[in-house]
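J.: A single structure is presented below for examination.
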Amino acid sequence: ICFARGARAFGAKSAANTRDVRNKSFASSATLTQTRGNLAKFFLANGFSAEIFGVVGAVVGDRPQASKEPLIRMLHGAANFGLGRYSEASVDFNDPSLKGNDEADLWRTATEAKLGNLKSARNLIRGEGVIKKYPRRLTLDLGLIIAETAVQIGKSKPAMRALKTVNKIEPDKNESARIKYVEGRLKELKKDFVGAVKDWEAAIASKHLPSQVRARVARTELLLKQKKMDRREAIKEYENLRYSWRGDDFEFETLTRLGNLYISEHFYREGLEALKEAATYFRYNPKAPAAAQLMSSTYNKLFLKGLADNIDAIKAVAIFEEFNELMPAGRNGDEMIRYLADRLVEVDLLERAGDLLEEQVNERLEGEEKSRVGARLALIRMLARQYEM
C-alpha cells in the first residue's frame, strides 16, 4: 500500500465536501470500504485521530476480516500514534500484514523513537523520502521526529535533510517554534552552542507552550554544562517548569531532575519531596523505580553515613520524620533511630529521644546491644529528670 496516496488530496478538501461523500448511498461494500478509507485519510491528514477509530470500527463491523488488512492496520496504528498511545501503535505497526512495507517501517520506527528505543529507531532516518508524499501536518510531525531522532543518535546530515523538508511546508508561528527547538538540538550537536541557545530562546519567546518548556530545559542544561549557569539558577528554572507543563513524562523528568539538583546543593528535604512526587504520581513510568531508589539512598546517606551531621538538628529531625517511610527495616533502621535520638538530645527534646530508645530496649534489642542502648536511655532520662521511668 501507499499510505500517503489520497491523503494529500483529502487533506485539501473541505469538511463539507467530506460530509457529502460520507452521506452518499453506495452500490457495493467495496465502494463503501474505499470511501470510508478516504474519510479516514482525511481525518488523518487533518489531525482528527480519535475520529479514525470510528471509521475503522465501522469497516470492521461490516467485514471482521478487514482488521487484518494492511490499510486498516495502518490507519488504526496512525490513530493510536496521533493520540500518544505508542505501545498500542507498536502492536498495530508490527502486525504481520505490514511486514516488508516501507511505509509501515517508517511509522513503526517513529513509534519506537517515541517509546525511547533509539536502537530500533536508527532505521527511522531512512524514511525521509516517504514523508515528502504526505500532507503538511504529517510531514511536519514525522519530519521533526526523524530530525530529533537523528540528533539523538549523533547523525547530523539526516537531521538537516529532514529539517529542510519541514521548512518547505511554510510553517506557521507555532510550527516554527517546534522547528526552532529541533534546530537548536542540531546546532548543539554541531557544537554551535551560541546558535543553539539563540534558537531555543526564539522557541521560548513563542506562544507554543510545548516548545517553550522543552527549549527551556535544553537551554538550562546546555548553560549548566558550559558553567554559564549555576545549579541554584537551574533550580529556579526547573521550579518554574514543574508548574508549566503537568501530567506526562515531561513532568516526571522535570521532577527527577529538580530532585537531583536540590540534593546536589544539599537541599535534602526539597530534593526528597520532588523525587517523592515523581515516584508517587508517575509510578508506572519505567524510571520511577530509579527515582525511588535515589530517595532511599539519599535517606540512608543522611542518617547512616553521617551526611545529616552538617544539617541543623531541627531540620534533620523534620526530614527524618517527614520521610520515615524510607527507613529500612532491621539493624539499619535501629541505627537510624539511635542517630535521631542523639540529634533530639542536641535540641533538648529529651523526652522524645527517650521514648524512641525505650521502644528499642523493650521490644527490639537483645544481649549486649540492649545493655548498651539501655545505658544511653538511662542517661537521657536522668538529663530529663525522669528518675522513675
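J.: Just for the stretch 55-66: of the residues that are over 32 Å from the mean Cα position of the chain (by Cα) and part of a helix (DSSP H, G or I), which one is surrounded by the most Cβ atoms within 10 Å (Cβ to Cβ)?
T.: Of everything passing the filter in the stretch 55-66, VAL59 is surrounded by the most Cβ atoms within 10 Å (Cβ to Cβ).
J.: Considering every residue within the stretch 243-258, establish whether at least one is under 21 Å from PRO289 (Cβ atoms), open to solvent by 20 Å² or more (accessible area, probe 1.4 Å) and of a type in the set (Phe, Trp, Tyr).
T.: Yes; the residues of the stretch 243-258 include at least one that is under 21 Å from PRO289 (Cβ atoms), open to solvent by 20 Å² or more (accessible area, probe 1.4 Å) and of a type in the set (Phe, Trp, Tyr).
J.: Ok, one more. Taking the options TYR284, TYR268, name whichever one is modelled with pLDDT of 90 or more and either hydroxyl-bearing (Ser, Thr, Tyr) or in contact with a Leu (Cβ under 7 Å, 6 or more places away or on another chain) (or both).
T.: Values: TYR284 fails: modelled with pLDDT of 90 or more.
Of TYR284, TYR268, the one residue that is modelled with pLDDT of 90 or more and either hydroxyl-bearing (Ser, Thr, Tyr) or in contact with a Leu (Cβ under 7 Å, 6 or more places away or on another chain) (or both) is TYR268.
J.: Does GLY77 meet the test of being out of contact with any helix residue (DSSP H, G or I) (no Cβ under 6 Å at 6 or more places or on another chain) and either modelled with pLDDT of 85 or more or not in a helix (DSSP H, G or I) (or both)? Even if it seems obvious, please write down each step before you answer.
T.: Details: out of contact with any helix residue (DSSP H, G or I) (no Cβ under 6 Å at 6 or more places or on another chain): no; either modelled with pLDDT of 85 or more or not in a helix (DSSP H, G or I) (or both): yes.
Taking the combined requirement at face value, the residue does not satisfy it.
J.: Please go through the stretch 133-166 and pick out each residue that is open to solvent by less than 70 Å² (accessible area, probe 1.4 Å) and of a type outside the set (A, V, I, L, M, F, W, C).
T.: Kept after step one, since they are open to solvent by less than 70 Å² (accessible area, probe 1.4 Å), are these residues of the stretch 133-166: 134-135, 137-151, 153-154, 156, 158-159, 162-163, 165-166.
Hits for the stretch 133-166 are TYR134, PRO135, ARG137, THR139, ASP141, GLY143, GLU148, THR149, GLY154, SER156, PRO158, THR165.
J.: List every residue pair whose Cβ atoms sit under 8 Å apart, with the two residues 6 or more apart in sequence or on different chains, where the first one lies in the stretch 58-71 and is at positive phi and the second, anywhere, is modelled with pLDDT of 90 or more.
T.: Here the result reads none, with nothing in the stretch 58-71 linked to a residue that is modelled with pLDDT of 90 or more.
J.: Using the structure shown, decide if ARG216 is of a type in the set (Lys, Arg), within 16 Å of the chain's Cα centre (by Cα) and within 30 Å of ASP309 (Cα to Cα). Spell out the reasoning first.
T.: Details: of a type in the set (Lys, Arg): yes; within 16 Å of the chain's Cα centre (by Cα): yes; within 30 Å of ASP309 (Cα to Cα): no.
The answer is no for ARG216.
J.: Would you confirm whether or not the stretch 136-147 contains a residue that is part of a helix (DSSP H, G or I), more than 18 Å from ARG85 (Cα to Cα), modelled with pLDDT of 90 or more and polar (S, T, N, Q)?
T.: Yes, some residue in the stretch 136-147 is part of a helix (DSSP H, G or I), more than 18 Å from ARG85 (Cα to Cα), modelled with pLDDT of 90 or more and polar (S, T, N, Q).
J.: Output the residues belonging to the stretch 186-205 that are of a type in the set (Gly, Ala, Ser), over 22 Å from the mean Cα position of the chain (by Cα) and surrounded by 20 or more Cβ atoms within 10 Å (Cβ to Cβ).
T.: ALA196
J.: Here's something else I'd like to know. Starting from residues that are charged (D, E, K, R) and either open to solvent by less than 40 Å² (accessible area, probe 1.4 Å) or assigned to a helix (DSSP H, G or I) (or both), keep the ones in the stretch 311-339 and report whichever is farthest from THR280 (Cα to Cα).
T.: Of all residues in the stretch 311-339, those charged (D, E, K, R) come to 312, 315, 321-322, 325, 331, 334-335, 338.
If we keep only those that are either open to solvent by less than 40 Å² (accessible area, probe 1.4 Å) or assigned to a helix (DSSP H, G or I) (or both) as well, we get 315, 321-322, 325, 331, 334-335, 338.
Working: LYS315: 23, GLU321: 18, GLU322: 15, GLU325: 13, ARG331: 27, ASP334: 26, GLU335: 27, ARG338: 29 Å.
Residue satisfying both the conditions and the ranking: ARG338.
J.: May I pose another question? Quick one: how many residues across the stretch 69-91 are of a type outside the set (Ser, Thr, Tyr) and under 23 Å from the mean Cα position of the chain (by Cα)? Please lay out each step first, then the result.
T.: We begin by selecting, within the stretch 69-91, every residue of a type outside the set (Ser, Thr, Tyr); these are 69-85, 88-89, 91.
Keeping just the survivors that are under 23 Å from the mean Cα position of the chain (by Cα) gives 77-85, 88-89, 91.
Going through the stretch 69-91 one residue at a time, the tally reaches 12.
J.: Right, next: Is at least one residue of the stretch 99-112 touching a helix residue (DSSP H, G or I) at 6+ places or on another chain (Cβ under 9 Å), open to solvent by 70 Å² or more (accessible area, probe 1.4 Å), modelled with pLDDT of 90 or more and not small (Gly, Ala, Ser)?
T.: To start, the set of residues in the stretch 99-112 that are touching a helix residue (DSSP H, G or I) at 6+ places or on another chain (Cβ under 9 Å) comprises 101-112.
Now narrow it down to the ones that are open to solvent by 70 Å² or more (accessible area, probe 1.4 Å): 102.
Applying the additional criterion that residues be modelled with pLDDT of 90 or more yields none.
No - not one qualifying residue is present in the stretch 99-112.
The values are calculated or read from the model by the stated rules, or taken from the named source; none is laboratory data. Bear in mind the structure is a predicted one, so any value in this text is a computation, not a measurement. Heads up, the Cβs are rebuilt from the backbone with ideal geometry, glycines too, and the neighbour counts pull from every protein chain shown. The protein model used for the area step is the full one, side chains on, heavy atoms only, and it has no ligands, DNA or RNA in it. Shrake-Rupley method; radii C 1.70, N 1.55, O 1.52, S 1.80 Å.
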